[in-house]
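A short worksheet on the structure shown next.
The values are calculated or read from the model by the stated rules, or taken from the named source; none is laboratory data. Only a predicted model underlies this, so the values are computations on that prediction, with no experimental measurement involved. Glycine also receives a Cβ, built like all others from the backbone with ideal geometry; neighbour counts cover every protein chain displayed. We work out accessible area using only protein heavy atoms, side chains counted, and drop any ligands, DNA or RNA first. Shrake-Rupley method; radii C 1.70, N 1.55, O 1.52, S 1.80 Å.
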Amino acid sequence: MSGNGVNAAPAHPFAIGARIRTTWMARSRQEQLVYKLLLPVFGTVFVLATIPFILAVIQAVTSDSGGFIGLENFGRALGNPLLYESIKQTGIYAAIALPIEILGGLGIALLVHRTVRSNIIRAAIYIAAMIPIVIPQIAVGVVFRLVYAADYGILNVLLGQTGPHQPLWLSSPPLAMIATASVDIWQWTPFVYLVMFAGLQTVPSESVEAAQVDGATTWTQFRHIELPYLRPLLLLVLFFRIADVIRVFDHVYVLTGGGPGTTTQFLSLYIYRIGFKFSDLGQASALAVLVMVAMTLFYTIVLRFLPADRG
Amino acid sequence: MTHRSRGFTRVATSVLLAVIAFIFAFPLFYLISTSLKTKADLFAPVPSLFPPAPTIDPYISVLFTRGFGGLLVNSVVVGLSATVLSICVAFAICYPITRLPASPRLRAFVLSWALSLRFLPPVAVVIPYFAIVRTIGLYNQLPALILVYTIFNLPLAIWMLRGFLDEIPLEIEEAALVDGASRWYAFRTILLPLSRTGILAVVIIVFAFDWAEFLFAFILTATPQAMTFPVGVQGLVTQFEIIWNDMAAGAVIAIVIPLSLMIIARRHVMTGLTFGVIREK
């Protein structure tokens with residue numbers, strides 16, 4: 001099939017003067033090239049990224065000595081009440097952080113979009129909003145250790161509460177939850193802001209002006225003109241933030257280590273604890289498999305709303 | 001709206017934005033302030049807002065006395081190697097799906113597979129990797145981290161690079177091909193130079209992500225031989241008595257590198273973080 005042209009497609013009489021892609025011969029050769037180039041590299045990476053899943057399944061159904069033990073580890077993983085406790089705490093964390101981040105980010109974006117006209121100030125806000133996002137999570141933990149720590153934290157100093165009865169932000173149950181969630185809000189509200197602000201720039205100014213001529217209030221302008229443009233972005237942000245909450249680890253590890261008790265022992269910290277503090281890798285593998293399956297299901301839902309190839 | 005009420009709204013908005021900016025900036029200010037305090041300042045009954053006698057001793061203590069300079073080198077070596085690998089792999093994957101007539105289904109599969117990695121919590125992945133890395137003798141070795149970082153920051157590289165490549169018209173290369181150039185020659189002399197800005201942006205952002213990674217490094221390394229800088233910073237926090245100024249200095253160093261990189265590549269940061277949904281024009 002590639003008899004005479006070998007790899008000098010342009011020398012082929014039919015290709016001269018024509019766009020290569022449109023000749024059938026060249027096209028089929030190019031399609032072969034797609035696989036020749038893609039398969040070795042993509043295949044390797046795909047295997048390397050899939051091995052952990054297969055290995056986690058194997059680890060979960062075998063004992064330390066290598067014998068097959070069936071679903072025992074899954075039974076122990078699902079029978080552990082601390083798992084449900086960690087899911088519940090993760091849910092509370094998300095329920096505090098995500099609405100504030102999304103509504104706050106959206107609110108600030110609308111505020112800046114409507115009232116700040118200067119491009120220099122807009123650019124300055126853009127850079128400022130990027131700062132929390134690009135700070136390594138570990139460093140964010142350190143930053144807020146300095147804010148919330150008892151005796152040395154600056155918050156209690158500012159509140160004038162330095163005595164023996166000062167609020168223990170990191171070691172009393174409801175406060176530790178609020179403290180860790182507040183860090184999430186500090187770091188990710190600017191992210192929502194940036195996405196929403198970028199989204200607002202795509203709203204055609206003619207529709208906004210037409211609405212204003214018709215006497216639309218600020219609310220109806222948002223509800224009927226801007227919101228439709230922002231809806232896909234709101235979904236995207238929500239999905240990314242949910243995925244991020246499931247992986248929350250670094251800043252909480254630095255701030256509370258999961259305590260007090262199990263107050264801030266969120267899902268990732270719980271799995272870490274089972275696997276590496278209790279060295280129960282069997283149960284941890286079962287949990288890893290369950291989480292990977294759950295996130296894959298979640299991802300198929302995400303794909304339904306966000307077609308992977310958005311052109 | 002009357003003139004006066006518009007002026008009032010303006011002032012109110014400015015005040016509100018200033019308050020928000022203050023709340024966001026204050027913790028960082030206090031971090032820097034603490035990192036410039038002397039050891040004696042740490043024992044003040046009430047910690048001060050500003051360092052009474054600013055000093056860079058905590059930075060020297062972290063980098064040299066505590067030997068974190070070595071961790072910094074590890075972080076740079078791991079970050080650079082993983083970034084270069086990610087870019088090469090991303091190119092090998094993005095070239096066929098953007099420059100050749102790959103079927104839309106194949107293209108969609110590759111891209112959605114890449115995005116799916118973004119949804120896997122590292123803690124679930126690290127448990128099996130921990131076993132692999134110990135079995136093949138790479139525990140506490142930099143190559144293990146390079147490998148893992150390459151794979152898990154690949155989605156970012158693929159999505160960003162694909163966005164940049166899509167913007168370069170196919171016709172430019174095709175013209176060269178029609179003139180008798182080989183694909184490899186066209187890639188090297190046309191596509192590569194045209195995508196230079198894009199490659200640079202991907203390099204910077206992937207490196208910043210590699211740099212900030214904590215959990216994999218925390219679990220797959222054990223000694224300063226292979227530990228990365230964020231693992232070292234974490235070690236400063238959980239000791240029994242926290243040396244606040246050293247801890248703050250460590251965090252400042254950890255922040256400065258990704259922050260300056262991101263400011264250089266600021267036009268592309270959001271593209272990276274949203275996997276190409278947000279595009280700067």
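Of interest is the spacing of the C-alpha centroids, which for segment B:1-70 and segment A:31-106 amounts to 38 Å. Let a ≥ b ≥ c be the square roots of the eigenvalues of the Cα gyration tensor of chain B; is it rounded (a/c under 1.5), or, if not, prolate (a/b larger than b/c) or oblate? Oblate, because a/c is 1.5 or more while a/b does not exceed b/c.
Which value at 222 nm does chain A reach when only helices count, each DSSP H run of 4 or more adding -39,500 (n - 2.57), with the total divided by all residues and rounded to the nearest 500 deg cm²/dmol?
Details: 13 runs with 213 residues, N = 311.
Value at 222 nm, helices only, nearest 500: -23000 deg cm²/dmol.
When you work out D = kT/(6 pi eta Rh) for segment B:168-281 at 37 °C and 0.692 mPa s, using the Kirkwood radius from C-alpha pairs as Rh and the Stokes-Einstein form, the result is 188 µm²/s. The gain in end-to-end length when the B:LEU106 to B:VAL73 segment is fully stretched comes to 7.9 nm, 0.36 nm per residue minus the alpha carbon separation.
Treating the beta-carbon of each Lys and Arg as +1 and of each Asp and Glu as -1, no other charges, what is the dipole magnitude of chain B about its Cα centre, to the nearest 20 debye? It would help to have the intermediate numbers written out before the result.
Details: 19 positive and 13 negative charges, 132 e Å.
Roughly 640 debye for chain B.
Would you mind getting me the FRET efficiency between A:GLN201 and A:LEU82? Use the beta-carbon distance for r and R0 = 41 Å, nearest 0.05. Intermediate values should be presented prior to the final figure.
Values: r = 46 Å, r/R0 = 1.13.
The pair A:GLN201/A:LEU82 has a calculated efficiency of 0.35.
Put a dot 7 Å past the Cα of A:ALA150, heading toward its Cβ, do the same for B:ILE60, and the two dots end up 3.6 nm apart. Net charge in the neighbourhood of B:PHE229 (other residues with Cβ under 12 Å of its Cβ; Lys, Arg +1, Asp, Glu -1) is -1. Once the Cβ-Cβ distance of A:LYS36 and B:PHE29 is raised to the sixth power relative to R0 = 51 Å, the FRET efficiency obtained is 0.40. Ordered by solvent-accessible area of protein heavy atoms (1.4 Å probe), largest first, the residues A:ARG114, B:ARG118 come out as A:ARG114, B:ARG118.
Ordering B:CYS88, B:CYS94 by accessible area with a probe of 1.4 Å, largest first, what comes out? Can you show the working numbers first?
Numbers: B:CYS88 80, B:CYS94 0 Å².
Greatest to least solvent exposure: B:CYS88, B:CYS94.
State log₁₀ I(q)/I(0) for segment A:73-305 at q = 0.09 Å⁻¹ as given by the Debye formula over alpha-carbon point scatterers of equal weight, solvent excluded. Relative scattering, expressed as log10 I(q)/I(0), comes to -0.49.
In a reduced charge model with +1 at each Lys and Arg Cβ and -1 at each Asp and Glu Cβ, chain A shows a dipole moment near 760 debye about its Cα centre.
Ordering B:THR223, A:MET196, B:GLY180 by the projection of their Cα atoms onto the charge dipole of the protein assembly as shown, which places +1 on the Cβ of Lys and Arg and -1 on the Cβ of Asp and Glu, puts B:GLY180 at the extreme positive end. The separation of segment B:155-194 from segment A:114-193, counted between C-alpha centres, amounts to 44 Å.
Give me the percent of the accessible area of chain B that comes from carbon and sulfur atoms, probe 1.4 Å, all protein chains in place. Show your work: numbers first, answer last.
Details: 8450 of 11950 Å².
That share works out to 71 percent.
State whether segment B:94-134 is rounded, prolate or oblate according to the following rule on the C-alpha gyration tensor (a ≥ b ≥ c being the square roots of its eigenvalues): a/c under 1.5 gives rounded; otherwise a/b larger than b/c gives prolate, and the remaining case gives oblate. Judged from the Cα gyration tensor, segment B:94-134 comes out prolate (a/c at least 1.5, a/b above b/c).
Hydrodynamic estimate: the Kirkwood radius of segment A:67-149 over Cα pairs, inserted into Stokes-Einstein at 25 °C and 0.890 mPa s, corresponds to D of 143 µm²/s.
Note on chain B: helix-only mean residue ellipticity at 222 nm, from DSSP H runs of 4+ residues weighted -39500 (n - 2.57) and normalised by residue number, equals -22500 deg cm²/dmol. Let me know the shape class of segment A:130-185, please: from the alpha-carbon gyration tensor, a ≥ b ≥ c as square roots of the eigenvalues, rounded when a/c is under 1.5, otherwise prolate if a/b is greater than b/c, or oblate. Prolate, since a/c reaches 1.5 and a/b exceeds b/c.
Considering every pair of different Cα atoms, what Kirkwood radius, in Å, is found for the protein assembly as shown? Working shown, then result.
Working: mean 1/r = 0.0381 Å⁻¹.
One decimal place: 26.2 Å for the Kirkwood radius.
Counting only heavy atoms of the protein chains and using a 1.4 Å probe, B:GLU173 has close to 10 Å² of accessible surface.
Placing a label point 7 Å from the Cα of B:THR223 along the Cα-to-Cβ line, the residues of segment B:42-69 whose backbone N sits under 18 Å from it are B:66-69.
What helices does chain A hold that run 20 Å or longer along their axis, going by alpha-carbon atoms, with a Kyte-Doolittle average of 0.5 or more, using DSSP H for the helix calls? Could you put the intermediate results ahead of the total?
Numbers: long enough: A:24-61 (51 Å, 1.16); A:81-115 (51 Å, 0.95); A:119-134 (23 Å, 1.84); A:173-200 (39 Å, 1.15); A:227-247 (30 Å, 1.42); A:281-305 (35 Å, 1.80).
Span-like helices, by this rule, are A:24-61, A:81-115, A:119-134, A:173-200, A:227-247, A:281-305.
Please grab the % of Cα pairs in segment B:130-200 that end up more than 15 Å from each other. Above the 15 Å cut-off, segment B:130-200 has 66 percent of its Cα pairs.
Interface area, chains B and A: about 8500 Å² of buried accessible surface, summed, with a 1.4 Å probe and ligands, DNA and RNA left out. Amide H to amide H distances under 5 Å link A:THR62 with A:ILE69, where only residues 5 or more positions off or on other chains count and H is placed in the peptide plane.
Report the calculated FRET efficiency for A:ARG122 and B:THR189 (r = Cβ-Cβ distance, R0 = 35 Å), to the nearest 0.05. Show your work: numbers first, answer last.
Working: r = 39 Å, r/R0 = 1.12.
The value I calculate is 0.35.
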